[in-house]
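> My structure is below; once you've seen it, I'll send some questions.
No lab work stands behind these numbers, since they all come straight from the coordinates. Small disclaimer: the values here were computed from a predicted structure and weren't measured. Here Cβ is always computed from backbone atoms with ideal geometry, including for glycine, and neighbour counts include all displayed protein chains.
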Amino acid sequence: MRSDVPTYSYTCVDRSLLVRPFCRYFVHWFVVWMPPAVPANLLTLGSSACMWVMLAMALAADNAAVLAPAFLILMAGYVIYDHADGMHSRRTGTSSPLGEYLDHFTDVFHGAIAVVVMFLVAGRADSAVCLIVLWAVLMAGAATMAEERERKELYFGLTGPLEAMLLTLVFFASWCWPGAAEWWHAPLVGGRTVFECVMIAGAIGSVMTSAACVLRIKRLPAGLAAYALMSALLCARGLYFDVTWWETALLLTLHGADYTGRVIAGHLLGTKRPWPDFVVPILMLGVSLCGVPSMVWAWGAAAYLASRVVRSTGGMLMVFGHHWRWLNPPAVVVNDAVKN
């Protein structure tokens, strides 16, 4: 490991109303049943696999709504083990910067996947609301990590990620009922359906989360401001030009993962504050303004962003890869008093 890397210290303030009872009275039992030899990093990757399987199933389905029971199970697995990994690492005394990076970085994708799958289940993935909600969720994730980078403290308010995950579970559970589509697509306000209004409320909540992060930082970091602008350009392009929803969703997610991943890496490595990518948002907006067919350009842009993500992740593995374990050592000390 580099000699200039700061000593690892994880500080989290979680004001969530539900996280403590959820972890203490529910997730705790999944943790104590887990063999101490199992590394927490494998739990992180296992929970992530639940989300990627859910996305693959939703994209492959002719009617994603019929898969709601399967999505409910997969989402529940993700929610449980997204909290169990940290509890298990504390229980076994194996917390590490690599574990924090894997947990927080993969959550960038998980939030985006949850949004996309919900819209696929509702049959509204091609709506403008989908892109707006996706942008807002990615923005909130970036702001949360930027706040940790600036204040050296991860902060979650009264309604945080757990509440959003539980509401997603309720959403999938509701689609197990035959009359769900009629209820969710009933008009509610201004011609908007119940589903659209709920999703817009979620987007507003995400924007408020971003604003709260900036208020606690007491200034708007230049990198975060640039990310907000560049990601908004990508979103606006998807809203105002003839672009497929999945193209915009793909670029928004990769662009957000690239920036947020570098913010997390900068926090753990003690390096300078990162900037978002400027090339893809400006290039793709220019392509659309010129009326050029964008498909080839979009795939090229996605490959470019993916390469940035791979390089950033590879750099983290080079520094912190020695923390990776396939099995915890036999001498690990187990503390079953850990409940949150």
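> Gaussian network model of the chain, Cα springs within a sub-10 Å range: biggest mean-square fluctuation belongs to which of 122, 164, 37?
Among 122, 164, 37, the largest GNM mean-square fluctuation belongs to 37.
> Still on this model: For residue 5, which sequence-distant residues (separation of 5 or more, or a different chain) have an amide H within less than 5 Å of its own amide H, given hydrogens modelled in the peptide plane?
Answer set, sorted by chain and number: none.
> Next question, about the same structure. Taking amide H positions as placed 1.01 Å from N in the peptide plane, with prolines and chain starts having none, which residues 5 or more places from residue 188, or on another chain, fall under 5 Å of its amide H?
193, 194
> While we're on this one: Tell me the net charge near residue 258. Cut-off is 11 Å between Cβ atoms, residue 258 excluded, with +1 for each Lys or Arg and -1 for each Asp or Glu.
For residues surrounding residue 258, the net value is +2.
> Grab the Cα-Cα distance for residue 322 and residue 299, subtract it from 0.36 nm times how many residues apart they are, and report the gain in nm with one decimal.
Length difference between fully extended and current span is 4.9 nm.
> Ok, one more. Taking Rh as the Kirkwood radius, which is the inverse of the mean 1/r over Cα pairs, what is the Rg/Rh value for region 1-123?
We get a ratio of 1.03 for region 1-123.
> Considering every pair of different Cα atoms, what Kirkwood radius, in Å, is found for the chain?
Computed over the chain, the radius equals 20.9 Å.
> Right, here's the next one. Over the chain, calculate the relative contact order: mean separation of alpha carbon pairs under 8 Å at least 6 apart, over the residue count, as a percent.
Computed value for the chain: 28 percent relative contact order.
> How far, in nm, would the chain grow between residue 153 and residue 63 when pulled straight, counting 0.36 nm per residue and subtracting the alpha carbon separation?
Result for the pair: 28.2 nm of gain on full extension.
> Could I ask something else about it? Within region 273-296, list the residues whose amide N lies under 20 Å from a label point set 7 Å along Cα→Cβ of residue 229.
Only 273-289 pass the distance filter.
> Pick out which of 86, 46, 99 has the largest mean-square fluctuation in a Gaussian network model of the chain, springs linking Cα atoms closer than 10 Å.
Evaluated over the chain, the most mobile residue of the options is 46.
> With charges set only on the Cβ (+1 for Lys and Arg, -1 for Asp and Glu), what does the dipole of the chain come to about its Cα centre, in debye to the nearest 20?
Magnitude of the dipole: close to 920 debye.
> How large are Rg and Dmax for region 65-207 when calculated on the C-alpha trace, in angstrom?
So, for region 65-207, Rg and Dmax equal 16.5, 54 Å respectively.
> For the charge dipole of the chain, defined by +1 on Lys and Arg C-beta atoms and -1 on Asp and Glu C-beta atoms about the Cα centroid, which residue among 41, 97, 280 has the Cα displaced farthest towards the positive pole?
Of the candidates, 97 comes out farthest on the positive side.
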